[in-house]
Amino acid sequence: MRIQFYLRFRTSFGQSLWISDNGELGTDLIKGAIPMTYLNDEFWVANIKIDKKTAHSFHYKYILRHEDGEIVPEFGTDRIIEFPGHGIKEIQLIDTWNHAGEYENAFYSAPFADILLKRSGLKSSSKSKGKFTHAFKVKAPLLRNSELVCIGGSGKTLGEWQVKKPLLLNKEGNWWTIRLDLSEESFPVAYKYGVYDKKKKQFLHFESGDNRIVHAETEKKKLVILHDGFIRFPNNTWKGAGVSIPVFSLRSRKSFGVGEFNDLKLLADWAKKVGLRLIQILPVNDTIATHGWSDSYPYAAISAFALHPLYINLEKVAGKTNAARIRRLAESQQNLNRLGFVDYVDVVKTKLAVLKEIYTNTPGDFFDDGDYKEFYAANKFWLLPYAVFSYLRDKYQTSDFSKWEDFSVYNKKTVEKSLAKDVIASREISFHYFVQYHLHKQLKEAADYCHKKGVVLKGDIPIGVYRYGCDTWVDAGLYNMDFQAGAPPDDFAVKGQNWGFPTYNWKKMQEDHFEWWRRRFEQMSNYFDAFRIDHILGFFRIWSIPIHAVEGIMGHFVPAIPVHINEFGERGMWFNYDRLCKPFINDAVLEEVFGDLSSKIKASYLIRKEFGMYDLRPAYDTQRKVEAHIADLEQDGDNDRLKTGLFDLVSNVILFEEQGSNGQQFHFRIGADKTISFRYLEPDQKNKLYDLYINYFFERQDEFWMKEAMHKLPYLKRATNMLICGEDLGMVPHCVPDVMQQLGILSLEIQRMPKKAATEFFHPGEAPYLAVITPSTHDMSTIRGWWEEDKQKIASFYRHVLGHYGDPPYYCEPWINRAIIIQHLYSPAMWSIFQLQDILGMSETLRRENPHEERINVPADPNNRWKYRMHMLLEDLINENEFNEELTDYIQSSGR
């Protein structure tokens, strides 16, 4: 079989096109790929021969290769040629490149293909009979259930453009297909696709744009296949609305002091009732590291795969055999449910204790069950080390595996050999298999229930992993353990954020084609249809903080093109290492930072130098050393002031030296121009340094960061059919929107966090289509809470965004909350997603009395307790008919 490929694609100088027959994930696509040849400005071509005796089909994908070797595969995995019979010996393919950023591709992702746009069994009656010379294929994802694709055009076979009895196409996988005999036609033949309503038996309309043309004439024993891409219809008409709430925040009659996976069913019932098509939750992975409140932080997972026992429903695990144990917990359950918040520590402690009782009473043949064995086999790669990790964490009473004696470094053979001899240890390890199996069943059951209700479940993938967690224990080489991930300063955290996670060793991860990430996505897809990538900017560059620092302000972007020492001379500056790279401390600085404590600071923490300058003593020259020192001091009213001041001295620098550069390369400290050190420079040096600072942060990095992202995100995008949404907030490089658009990754747009400089508020009506728009997230106050924060900003919003005159009401009244929700519903964005607190804020009777109790997280507070819980039962919310009908009307009227 000879196959001729004609691909419509306009390349730039240095680019080339290839055909890969390697569809496997995690492999080198370009290896063994077939080079194509430039034909003209419209087409690239290639020819291959395949032995029909050994192959009945050909699965392929086009690849764009840039001059620097970077490859960009087209989107999708649905290019398959089934070799026909009828004596055909040659196939000519006329293809259209499938750009990942095409809107239509989103509608072939899991939430749409499996739930929202899943078609019934309606089929056309047209069938390909006998001989055919041409096969026409097109995609049309946004048809209604009663609609079919049809084709019309010039020539007798295509009906001379008549529409009374158009030729109907059949759905074959993702493609609408028809095979026709054009052997008697005169070429070229003009044609267009259209829509036919099968129920009404009526032609509706042709697609827009110019006529399509087929030039390929028929030849004996030759088949022409035209892959025409997407039908030319409006592709931004589908819009949906959703609700966002952490699972732990749900409240039902049967839950145990915290929201549980089982409660997602009730939430889905309510979502279905009011017309919300998506439920978005926060990460649900196990975070138990200390058995304390710090574990309530859902982004600090000790395993990227294991689920959190917090969300388990004890009654479902107990069954009839252990029902009496659950009944004895009634009083404890009632006490926890009376609280207005989640008592994380008490809930986890109680649930784990009960689970161990149930486990002890579980028959030994539990692990022989077929369903369990299937679960274990599919998940053993993470389940076994996670269970061992959890056992050792409790045995040594710390998750810091460096203190685990013989087990400080993970070795699979050593672990299995040592623990196999210990029957008690083996039994305790199996407890974690038992719990994870039940968690898996309960979340899968909840996800399946959501799908039956036509509701999409959207998860959340944290950007990092816990420093002392199972993932870092098992393969520390995948992480940079001497650095911490975080975020630069912003309006919400003026000293930046330090999340404490190790940063990723991307070069190491790329060696096996991101196997760890692909497995992570695969496991997520067992339950979720879409997911949010937390801090997607980390795939371009991560804010990396050295392990000796505490505050995020001490970090810099990695990777980044540093400033070379020669650049200072080239800009007319004398480079003084001590002045620019060490803390600038003199008497005036000490007076400004410490006031009446200056003398104490000089005596205890500093070394006097010449010219009235000081150095920090070696015992206090990093923030970690200062933190440890303050922790050892007796309680004193000045301790916090002392720590803050010493932190400020340590960070009073302009440049950080690039590690290993021998004093040749440097990174600017963010906000260097706002430091006291910068203030004391000469005016001319200030101006020249500031120009270099602007160049460093806003000019030299953009293309470099774009290439970094394109080395990672296309591979990860290929690894899953879930709909990917990026959290692209903060200090966003100029290249980020373009990369996300190229890859079809939805952006996040928030009204009070505009991405355009010098813009006070983002207007929902200006949102791009491939976007999620929301008035608030878990990292900020709700609409009502925000209304009480900055009265000057609220007055501007009231007048310029909501369009009202005069002064705004002091409190966010229901009509204001409602106006903001409705404004978001009418946005052109694909998804409008609202925190449940904001939805309830529209009602005078259903809203919580104190809006400040509704906030989930304060990013500037590293000790924030994640404990928000909705104040009403889901069962009661479902029965609030008047409110639900009103909300339904708003959603339906907006076209969502």
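Between His629 and Arg700, the contour length at 0.36 nm per residue exceeds the alpha carbon distance by 21.6 nm. Electrostatic bookkeeping for Leu748 treats Lys and Arg as +1 and Asp and Glu as -1; over the other residues with beta carbon under 14 Å from its beta carbon, the sum is -2. The local environment of Val563, defined by Cβ-Cβ distances under 11 Å, has a net charge of -2 under the rule Lys, Arg +1 and Asp, Glu -1.
Computed about the Cα centre, the dipole magnitude for the chain is approximately 3620 debye when only Lys and Arg (+1) and Asp and Glu (-1) carry charge, each at its Cβ.
Could you work out the per residue convex hull volume over the alpha carbons of region 678-755, in cubic angstrom?
111
Computed about the Cα centre, the dipole magnitude for region 363-456 is approximately 240 debye when only Lys and Arg (+1) and Asp and Glu (-1) carry charge, each at its Cβ. As a fraction of the 1.4 Å probe accessible area of region 500-544, surface on carbon and sulfur atoms comes out at 41 percent.
Under 1.5 on a/c is rounded, so check that first for region 339-445, then, if it is not, pick prolate when a/b is larger than b/c and oblate when it is not; a ≥ b ≥ c are the square roots of the alpha carbon gyration tensor eigenvalues. Oblate, because a/c is 1.5 or more while a/b does not exceed b/c. Of the whole protein surface, Val650 contributes about 10 Å² of accessible area at a 1.4 Å probe radius.
Taking each DSSP H run with n ≥ 4 as -39500 (n - 2.57) and averaging over every residue of the chain yields -9000 deg cm²/dmol at 222 nm.
A crude spin-label estimate for the pair Lys707 and Ala425, with each label 7 Å from Cα along the Cβ direction, gives 4.8 nm. Solvent-accessible area of Lys89, all protein chains in place: 130 Å² (probe radius 1.4 Å, heavy atoms, ligands and nucleic acids excluded). Listed options for Cα extents along the principal axes in Å are [x] 114, 80, 47; [y] 151, 60, 48; [z] 100, 80, 74. The value calculated from this structure is the one marked [z]. Rounded, prolate or oblate: which one fits region 311-354, using the alpha carbon gyration tensor with axes a ≥ b ≥ c (rounded when a/c is under 1.5, else prolate when a/b beats b/c, else oblate)? Prolate, because a/c is 1.5 or more and a/b exceeds b/c.
Kirkwood analysis of region 425-519, using all unique Cα-Cα pairs, places the hydrodynamic radius at 16.7 Å.
For region 623-758, the solvent-accessible area with a 1.4 angstrom probe is 45 square angstrom per residue. Expressed as a fraction of 2.2 N^0.38 Å, the rule-of-thumb size for a compact globular protein of N residues, what is the C-alpha radius of gyration of region 592-644? Its radius of gyration relative to the 2.2 N^0.38 Å reference: 1.16. For region 211-221, backbone phi angles converted through the Karplus equation (6.51, -1.76, 1.60; θ = phi - 60°) give residue-by-residue couplings of 4, 7, 10, 10, 9, 5, 6, 7, 9, 4, 6 Hz, Gly and Pro being listed as x. Kirkwood-type hydrodynamic radius, region 546-691: 16.3 Å, calculated from all non-identical alpha-carbon pairs.
Taking GluC sites (Glu not before Pro) as exposed when their DSSP state is a loop state and no more than 13 other Cβ atoms lie within 10 Å, the longest site-free interval of the chain runs over 220-633. In the full protein context, region 247-364 carries 36 Å² of accessible surface per residue, based on a 1.4 Å probe and ignoring ligands, DNA and RNA.
Of Lys265/Lys458; Lys349/Lys867; Lys495/Lys712; Lys131/Lys156, which ones are farther than 18 Å apart at the Cα?
Listed pairs above 18 Å: Lys495/Lys712.
Exposure check, 1.4 Å probe, all protein chains in place: Asp343 carries approximately 40 Å² of accessible surface.
A cut-off of 5 Å between modelled amide H atoms, ignoring neighbours fewer than 5 places along the same chain, links Ala304 with Asp471.
For a test of the definition: using alpha carbon positions, the gyration tensor, and the 1.5 limit on a/c, classify region 467-522 as rounded, prolate or oblate. Note, shape of region 467-522 comes out prolate.
Distance check, please: which entries in Lys118/Lys200; Lys199/Lys239; Lys200/Lys221; Lys192/Lys453 exceed 31 angstrom between their Cα atoms? Result: Lys200/Lys221; Lys192/Lys453 exceed 31 Å. For Gly663, neighbours were defined as the other residues whose beta-carbon sits under 15 Å from its Cβ, and their charges (Lys and Arg +1, Asp and Glu -1) total -2.
Region 551-618 and region 70-91 have Cα centres separated by 63 Å.
Between the C-alpha center of region 746-777 and that of region 396-439 there is a gap of 46 Å.
The values are calculated or read from the model by the stated rules, or taken from the named source; none is laboratory data. As the structure is a prediction and not an experimental result, all values here were calculated from the model. Neighbour counts run over all protein chains shown; Cβ positions are idealised from the backbone, glycine included. SASA here: full protein model, heavy atoms, side chains in, ligands and nucleic acids out. Shrake-Rupley method; radii C 1.70, N 1.55, O 1.52, S 1.80 Å.
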